[in-house]
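Taking it in order: structure first as C-alpha cells, then the write-up.
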Amino acid sequence: MMEKMIFGRFIPGDSFVHKMDPRAKLVFVFAFILVVFIANNIPTYIALVVVTFFVIALSRIRLYFLINGLKPVMILMVFTFLIHVFFTKGGTVLIDWGIFNIQEEGVKQGIFISIRFLVLVFMTSILTLTTSPISITDGLETLLNPLKKIKVPVHELALMMSIALRFIPTLMDETDKIMKAQMARGSDVTSGTIKERLKAVVPLLIPLFVSAFKRAEDLATAMEVRGYRGGEGRTRYRQLKWSMRDTYALLLLVLFAVGLYYFRTTK
Amino acid sequence: MDIELQKVSYSYAKGTPFEKAALFGVDLMIESGKYHAIIGHTGSGKSTVLQHLNALLKPSEGIVKIGDEMIEAGKKNKKLRQVRQHIGIVFQFPEHQLFEETVLKDIAFGPMNFGVSEEEAYARAHEVIKTVGLDDSILQKSPFDLSGGQMRRVAIAGVLAMKPDVIVLDEPTAGLDPRGRHNIMELFSKLQKDHNLTMILVTHSMEDAARYADDLTIMHDGKSVLRGMPREIFKDVDKLAQYRLKVPHVVAFQMRLEQRLGSKLAKLCLTEEDLVDEIARAAKKVREES
Amino acid sequence: MNNILTLNNIIFSYEVDQPEVKNAVEDVSFTVTEGEWIAIVGHNGSGKSTIARIINGLLFPQSGDVTVFGKLMNEDNLWSIRTELGMVFQNPDNQFVGATVQDDVAFALENNGVPYEDMVARVHQSLAQVKMEQFLNHEPQHLSGGQKQRVAIAGALALRPKLLILDEATSMLDPQGRQEVLDIVRKLRDDTGLTVLSITHDLEEAILADRILFMNQGRKFAEGQPSEIFALGDELVELGLDLPFSMKMAKMLQEKGIQLDGTHMSDEELVENLWISNFKK
C-alpha cells in the first residue's frame with residue numbers, strides 16, 4: 001500500500017539539475033512560480049511549456065514520474081478547466097445550447113490555467129525528484145538563516161525536519177508490520193465496511209504511538225550521548241557548494257522572465 | 001489443515017518503477033500436525049513466505065492453498081477472514097501489537113473479531129494466560145505496565161486465544177535472554193504436541209530448528225532450495241555454506257569430534273542431550289575394547 | 001595500568017520516593033583499566049543497562065560516584081567526559097540520526113564543533129575501521145541490522161574515545177549481524193588497544209572479554225575472568241543465563257560420568273580433552 005507512493009520521491013542521478021545546489025533549485029522554483037503568472041497570451045504560455053520541458057530534459061527524469069505526480073491534482077485541474085470553459089465569457093460563441101454556452105475566451109483561459117497547473121506541478125516535482133529531502137532541508141536552513149535574527153529557531157526546525165524524514169521509512173515499515181499483525185487477529189483497516197475500518201484504526205494507532213514514543217526517547221538518549229546540545233557551536237558536515245552552474249541557471253531564469261514580460265499582452 | 005505453496009512468486013510495489021521481486025517460484029508443503037521450520041538468513045525471502053501462509057500477501061504468480069481455500073494471483077477470495085481465523089501468527093516482537101486497556105481485553109480482541117462472544121473470549125483469556133505461564137491476576141493490568149518478557153507472553157496468549165489450528169512463529173524469541181528464549185520455545189513445543197497443532201517456525205536459529213522441527217525448508221535468495229528432515233539437511237555442511245548458513249553448534253561439534261577420533265559416531269545428533277548420550281556410548285565401547 | 005573508569009558504591013533507584021521498590025543498582029563498585037575488555041552480564045532487569053546509563057551521565061546515582069579518566073563526574077564536566085566515551089545502544093534504528101551513513105558518523109563531530117576538513121578525514125577513517133567505507137551514501141533503511149550497528153560504532157569511534165560501551169548492541173541482530181559486529185570489535189581491540197565495556201546477556205559474547213562482571217538483581221554477584229565466572233555453572237543457569245556451548249557440553253558429559261580434565265573454554269579444547277581422557281589408546 002505505502003510502497004506505491006511515488007509522488008515526489010527522490011530519484012538519484014547525476015544530471016545538470018541533480019548537481020545543482022539545493023539553494024539554487026529552491027530559489028529557482030519559487031521564482032518560477034512567480035514568473036508563471038507573467039504569461040498571459042499564447043506565445044508566452046508556449047514559452048513556459050518549452051522551458052519546462054527543457055528543464056525536464058536537463059534533469060533526465062522519466063516522464064512517468066512526472067505524470068504520476070500529476071495524479072493527485074488531476075481532479076482539481078479538470079475542475080478549474082471546466083469552470084473556465086463554462087463561465088469565462090468573451091470572443092466568438094463556439095457552442096450555444098441554452099445553458100451550455102461556451103465561448104472562445106473560456107476555452108482559451110481554461111487551457112491557460114491547465115498549462116499553469118502543469119508547469120507548476122512539473123517544476124516542483126523536478127525539485128523533489130532531483131534533490132534528496134535532506135538537501136532540501138539543508139537548502140532551506142541556509143536560505144532561512146537570516147530569520148534567526150528575529151528568533152526563529154531555524155536550526156531546530158531543520159533538525160526536526162531531517163529527523164522526521166529519516167524516520168518516515170522506519171515508521172512506514174512499522175505501520176505495515178502492526179497492520180499485518182492486527183489483520184492476522186481479524187482486524188483489517190484495508191477492507192470491510194466503513195464502520196469496521198474505523199474500528200480497526202485504534203488497534204493500529206495505539207501501538208504505533210507507543211513505538212514512536214519509544215523511538216523518540218531512544219533517539220534523544222543517543223543524541224545526548226553523542227554530544228548534541230542544540231545548534232550553538234556546531235559545525236556542519238553537509239556543505240553546500242554554489243557553482244557557476246547555479247548562477248547560470250538563475251541568470252537564465254531572470255532573462256526568461258524579462259522576455260516573457262516583453263511578450264505578454266498589455267492592455 | 002495443510003498449507004501448500006505452488007510456484008509462488010511475489011514482487012513488492014508491483015507495477016511501479018520501484019518493483020522489487022522477493023520470491024521466485026517457491027514451492028512449500030506444510031503438512032498438518034507437524035513442526036516445520038523455514039530457515040534462511042535475512043533477505044532470503046522467509047518473511048515474505050510467512051505472510052503468504054495467512055493470506056496477508058497474495059502471490060503475484062502461483063497458488064497458495066490453505067486447507068480447502070485457494071488463493072491465486074489476480075483472483076479475489078472473499079474467505080480470507082475465515083482462513084486467517086485458523087492460522088495464528090506470532091510476529092517478531094509480538095508485544096508491539098498490544099493496545100487494549102487491560103490484558104484481558106487484548107487477549108479477547110482476536111477471538112471477538114472472529115465472532116466469538118465476549119463471555120467465551122474472556123473465558124479463553126483465563127485459560128490461555130495460564131498456558132503461557134502467567135498469573136491470572138495479570139489479566140486486569142494494563143499491558144503497558146508489564147515487563148518485556150511478560151508482554152511477549154501476553155501477545156502470544158492473544159494468538160492462542162483464537163484457537164488456531166496452525167501457529168506460525170516469526171523469530172519468537174528475538175531480544176529475550178537465554179532463560180526467556182528457552183521457556184518460550186519449550187512452551188510452543190509442548191503446545192504442538194499436546195494439541196497436535198501444526199507449527200511453523202520461521203527462524204535463522206539453526207539450534208532451534210534442529211531441536212524442535214520435524215521438517216525443514218531452506219530459503220535462499222527468494223527460492224526454496226532445500227527441504228527435508230533436519231538430520232538429512234544438517235549432514236551437508238558444504239551445501240548449507242552455499243546458502244550462507246551454518247550447521248547447528250551441536251552438529252559442528254560432533255563433526256569436529258569425529259575428525260579427531262577418526263571415526264563416526266553412530267548417528268548425527270541434533271541436541272546436546274543426544275550427543276552426550278552418543279559420546280558416552282562410544283566411550284564405553286572404547287573402554288570395553290581395551 | 002591506567003584506570004579508565006571507576007564506579008564507587010553506586011546506589012540507584014528509579015523510584016526514589018517509593019522505598020519499597022527495590023533499587024535498580026545496589027552498591028556496585030568496579031574499575032576498568034586501559035586496554036581491557038570487560039563484559040557486564042546478567043538477565044534482563046538485572047541492572048546492567050542502568051549501569052551503562054550511569055557511566056554516561058544519563059542517570060545520576062543517589063549515592064556513590066563515577067570517576068572517568070581521573071575526573072569525578074559532575075554536571076559541569078559531563079559533556080567533556082562524554083566525548084571520551086563512545087556508546088552503542090541496542091536498537092539499530094533508534095540511534096541512527098543522520099540521513100546517510102556518512103552523516104550519521106559525522107553527527108558527534110558536528111556537535112563538538114570539529115572543523116569540516118578534519119571531519120571528512122575522520123568520517124572516512126572511522127568507516128574504514130568498521131569496514132563500511134563502501135556505504136558512505138547509503139540510507140539506513142537499505143542497511144542490515146549488523147551494518148547499522150557497525151555504523152553506530154564508527155559514529156562512536158569518530159570522536160576517538162578512550163572507552164567504547166556496547167549496551168546490548170548485538171541483542172537485536174541475527175547471527176550473521178552479531179558475528180559481524182563482534183568481529184569488528186575484536187579487531188579494533190587487537191589493532192588499536194581500545195578499551196571495551198560490553199553489556200550483554202549473550203555468553204558467547206562475554207567469553208571474548210578479559211573480565212566478566214556478573215549482575216543479579218542490581219548487585220554484583222561475581223567478578224572474574226571468564227573461566228572463573230563460568231565455573232559457577234548451575235548458579236549461572238539458575239540466574240537466567242546460559243553457559244557457553246563447550247562448558248555446557250562438558251558439564252553434561254561429566255554428569256553422565258564421563259571423565260574430563262582441565263578447562264573447556266572452546267570447542268577445540270573440549271574435543272582435545274575428551275580425546276585424551278576417553279578415546280586415546
Legend entry - Expected 222 nm ellipticity per residue - DSSP helices of 4 or more, -39500 (n - 2.57), all of chain C, to 500: -10500 deg cm²/dmol
Inset, instruction - Quick one: of B:LYS239/C:LYS131; A:LYS25/A:LYS241; A:LYS71/A:LYS241, which pairs are farther than 23 Å apart, Cα to Cα? - result: B:LYS239/C:LYS131; A:LYS71/A:LYS241
Inset, instruction - Nearest 5 is fine: what % of DSSP beta bridges in the protein assembly as shown come out antiparallel, could you say? - result: 55 percent
Inset, instruction - Name the long-range amide H neighbours of A:LEU94: under 5 Å, sequence gap of 5 or more, or other chain; modelled H, no Pro or chain starts. - result: A:ILE102, A:GLN103, A:GLU104
Legend entry - Whole-Å distance, taken between Cα centres, linking the stretch B:235-287 and the stretch C:141-207: 31 Å
Inset, instruction - Please give the helix C:101-111 orientation as an angle from the longest Cα principal axis of chain C, in degrees from 0 to 90, rounded to the nearest 10. - result: 70 degrees
Legend entry - Separation of alpha-carbon centers, the stretch B:113-152 and the stretch A:177-238, rounded to whole Å: 25 Å
Inset, instruction - Work out which helices of chain A, taken as complete DSSP H runs, extend at least 24 Å along their axis over the Cα atoms and score a mean Kyte-Doolittle of 1.6 or more, then list them. - result: A:42-59, A:63-87
Legend entry - Listed residues C:PRO115, C:LEU85, C:PHE214: farthest to the positive end of the dipole of the protein assembly as shown (Cβ charges): C:PRO115
Inset, instruction - Compute the long axis of helix B:118-131 from its Cα atoms, compare it with the longest principal axis of the Cα atoms of chain B, and write down the angle in degrees, 0 to 90, nearest 10. - result: 20 degrees
Inset, instruction - Would you please give the FRET efficiency between B:ARG81 and A:PHE79, computed as 1/(1 + (r/R0)^6) with r the Cβ-Cβ distance and R0 = 56 Å, to the nearest 0.05? - result: 0.90
Inset, instruction - Please work out whether the stretch B:248-289 counts as rounded, prolate or oblate from its C-alpha gyration tensor, where a ≥ b ≥ c are the square roots of the eigenvalues and a/c under 1.5 means rounded, while otherwise a/b larger than b/c means prolate and anything else oblate? - result: oblate
Inset, instruction - For helix B:178-195, report the angle its Cα long axis makes with the longest principal axis of the Cα atoms of chain B; keep it between 0 and 90° and round to the nearest 10°. - result: 80 degrees
Inset, instruction - Provide the FRET efficiency to the nearest 0.05 for the A:GLU156-C:GLN259 pair, computing r from the beta carbons and using R0 = 51 Å. - result: 0.15
Legend entry - Exposure of A:MET161 as accessible area (Å², to 10), given a probe of 1.4 Å and all protein chains: 80 Å²
Inset, instruction - Take the alpha-carbon centre of the stretch C:253-275, take the same for the stretch A:16-52, and report the distance between them in whole Å. - result: 78 Å
Inset, instruction - Along Cα→Cβ, 7 Å out, is where each label goes; now give me the distance between the ones at C:HIS142 and A:ALA47 in nm to one decimal. - result: 4.1 nm
Inset, instruction - When a/c is below 1.5 the answer is rounded, else prolate if a/b is larger than b/c, else oblate, so apply that to the stretch C:83-202 with a ≥ b ≥ c taken from the square roots of the Cα gyration tensor eigenvalues. - result: oblate
Legend entry - Surrounding net charge for C:GLN129, when Lys and Arg each add one and Asp and Glu each subtract one, Cβ distance under 10 Å: +1
Legend entry - Extreme residue, positive dipole direction of chain B, given options B:GLY40, B:VAL90, B:SER205 (C-beta unit charges): B:GLY40
Legend entry - Options A:VAL29, A:LEU143, A:ILE83, ranked by Cα towards positive dipole end of chain A, top entry (Cβ charges): A:LEU143
Inset, instruction - Please list, or write none, the aspartates and glutamates whose alpha carbon is within less than 20 Å of the alpha carbon of B:LYS76, excluding same-chain residues fewer than 8 places away. - result: A:ASP188, A:GLU196, B:GLU4, B:GLU61, B:ASP68
Legend entry - Value at 222 nm in deg cm²/dmol, rounded to 500, when DSSP H runs of n ≥ 4 in chain A each add -39,500 (n - 2.57): -23000 deg cm²/dmol
Inset, instruction - Pop the C-beta distance of B:VAL286 and B:ARG231 into the FRET formula with R0 = 30 Å and round what comes out to the nearest 0.05. - result: 0.80
Legend entry - Max mean-square fluctuation residue, GNM over chain B, Cα-Cα springs under 10 Å, options B:LYS46, B:LYS75, B:LYS58: B:LYS75
Legend entry - Electrostatic dipole magnitude of chain C [Cβ: Lys, Arg +1; Asp, Glu -1; Cα centre; debye, to 20]: 360 debye
Legend entry - Dipole magnitude (debye, nearest 20) for chain B, charges at Cβ of Lys, Arg, Asp, Glu: 780 debye
Inset, instruction - Taking only Cα atoms and a 10 Å spring cutoff, compute GNM fluctuations for chain A and point out the largest among A:PHE112, A:PHE81, A:PHE213. - result: A:PHE213
Inset, instruction - Kindly give the semi-axes, whole Å and largest first, of the ellipsoid equivalent to the protein assembly as shown, taking each as the square root of 5 times a Cα gyration tensor eigenvalue. - result: 55, 36, 26
Legend entry - Gyration tensor (alpha-carbon) shape descriptor, chain C, a/c threshold 1.5: oblate
Legend entry - Of the trypsin sites (Lys or Arg not before Pro) in the stretch A:122-170, those whose Cβ has at most 11 other Cβ within 10 Å and which sit in DSSP loop: A:LYS151
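The values are calculated or read from the model by the stated rules, or taken from the named source; none is laboratory data. Please read all numbers here as calculations on a predicted model, not as lab measurements. Ideal geometry is used to build each Cβ from the backbone, glycine not excepted, and the neighbour counts take in all protein chains shown. Protein only, heavy atoms only, side chains kept; ligands, DNA and RNA dropped before computing areas. Shrake-Rupley method; radii C 1.70, N 1.55, O 1.52, S 1.80 Å.
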